[in-house]
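The values are calculated or read from the model by the stated rules, or taken from the named source; none is laboratory data. Note that the structure is a prediction, hence the values are computed from the model and not measured. We place every Cβ from the backbone using ideal geometry, glycine too, and count neighbours over all the protein chains shown. The protein model used for the area step is the full one, side chains on, heavy atoms only, and it has no ligands, DNA or RNA in it. Shrake-Rupley method; radii C 1.70, N 1.55, O 1.52, S 1.80 Å.
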Amino acid sequence: MTGEPNLSPARLRHARFAIAGVFCAHGAVTGSFATRIPWIQDHAQLSAGTLGLALAFPALGAALTMPLAGRINHRLGARTALRILLSLWTLSLILPSLAPNLATLCFALFVYGGTAGMADVAMNALGVETENRLKRSIMSSLHGMWSVGALIGSAAGTLAAHTGADARLHHLIAALALTAGGLFAVRGVLDLRTDTGGEEAPPHFALPPKSALFIGAIGFCAVFAEGASLDWSAVYLRDVLHTDAGLAAASTTAFALTMALARLVGDKVVDRFGAVRTVRAGGALATAGGLLVVAVHHPAAALAGFGLIGLGIAVVVPLAFAAAARSGPAPAQAIAGVATITYTSGLIAPSAIGAVADATSLVVSFGLVTLLSFALIVGAAVLRQRPAEAGAASGSGSGDGANQDEPAAIQP
């Protein structure tokens, strides 16, 4: 990638804050939508089953369109591609609340998910490039800002729902505000373009490269544990441990808060210990949390367990995206591959947990989550940076074990 030569430290700091703003805006759309799902269900007159069918379409749209993002990024450049894709995503928030029936809602959610996925790839690719130029980890905090945005969007949506506001008006106002905010943030990101003189354009629709498959498998394990915990932790406390609704809901809150906080501070840990050691330690924490959930049948143990799972998996996906971008000559294509795998994991996790619970029990389902958390310890080595890349980052071909995990510097 080329563009903006002679970047000053002040310009790089500004670019970091700008891409953080983009992540925040992206998360705010998700939070805004999630809080109005009951209104959308009533408006489209859907049963719980048909709503579940419709809610599969965002992940389907994302999985099918994310492979296009590499071509768009190559053709338009990082800033222009992000400006267009982020605007399409924020404006797509308007569509679901307008849908009067199942068919139109499925179409709206397919578009909503497709634009989300392509914007996700573009912003993560640019986030990794910014990280490389800063020569220190920022991806964890960027994903933390996504969580902050989701909390802001959900808080505003909760207020709108509490006052009885029409979701069509709420989402129109939110979409316009987030589009304006996103465009303002994009103005400050790095303006990078592919050096077309020596690099072949990626295909219009590219399957995940081989380099992304093993990295994607690590992301798959983390996102599976995330989706299972978010969707089923409250049910676990209610049905298995027989707690009241308030305490059951607290398990979801404990999980989400530990994830957000860990992502906001995770970069310091990654810079100190490297990606491999961080993911191994996180996998150990998540495994310990899973064991607390399935082996100690007490509400306090379950709350602590879900909190540990959130803490342990928080930085895995940001590090997987960063590793994918360094795994081959086409960063956006590799990120799209990892994102496709992780989105697929998020799609199947809730239903897989339910299927296992129906066949056996919810305790066995979270035993599966515990095994996937343990897989993070075993598979973390795929995030290790190759020696040549570590040498580029440190200025020499040598370094200790921690530094060999750090991002490689790409000179502007």
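A few comments on the model shown:
- Checked against the criterion of being at pLDDT below 90 and not polar (S, T, N, Q), the candidates 260, 302, 275 yield just one match: 260.
- Flag for residue 355 being within 15 Å of the chain's Cα centre (by Cα) and either surrounded by fewer than 18 Cβ atoms within 10 Å (Cβ to Cβ) or among the hydrophobic types (A, V, I, L, M, F, W, C) (or both): no
- Members of region 220-255 that are touching a helix residue (DSSP H, G or I) at 6+ places or on another chain (Cβ under 6 Å) and polar (S, T, N, Q): 229, 233, 243, 251, 252
- Checking each residue in region 49-84 for being more than 29 Å from residue 352 (Cβ to Cβ) and surrounded by fewer than 24 Cβ atoms within 10 Å (Cβ to Cβ) picks out 71, 72, 74, 75, 76, 77, 79, 80, 83, 84.
- Residues within region 270-322 that are open to solvent by 30 Å² or more (accessible area, probe 1.4 Å) and within 19 Å of the chain's Cα centre (by Cα), tallied: 2
- Under the condition of being on the phi > 0 side of the Ramachandran plot and of a type in the set (Asp, Glu), the residues counted in region 42-76 number 0.
- Matching helices (runs of 4 or more DSSP H) fully within region 25-73 where at least 1 residues are free of Cβ contacts under 8 Å to residues at least 12 places away in the same chain and farther than 17 Å from residue 125 by Cβ: 37-44, 48-54
- If the condition is being modelled with pLDDT of 85 or more, aliphatic (A, V, I, L, M) and closer than 12 Å to residue 109 by Cβ, then region 50-68 contributes 54, 60, 62.
- Selection of region 88-108 for residues being crowded, with 20+ Cβ neighbours inside 10 Å and not hydrophobic (A, V, I, L, M, F, W, C) yields 90, 92, 96, 97.
- Among the residues of region 382-392, some residue qualifies, meaning at least one is modelled with pLDDT of 85 or more and open to solvent by 50 Å² or more (accessible area, probe 1.4 Å).
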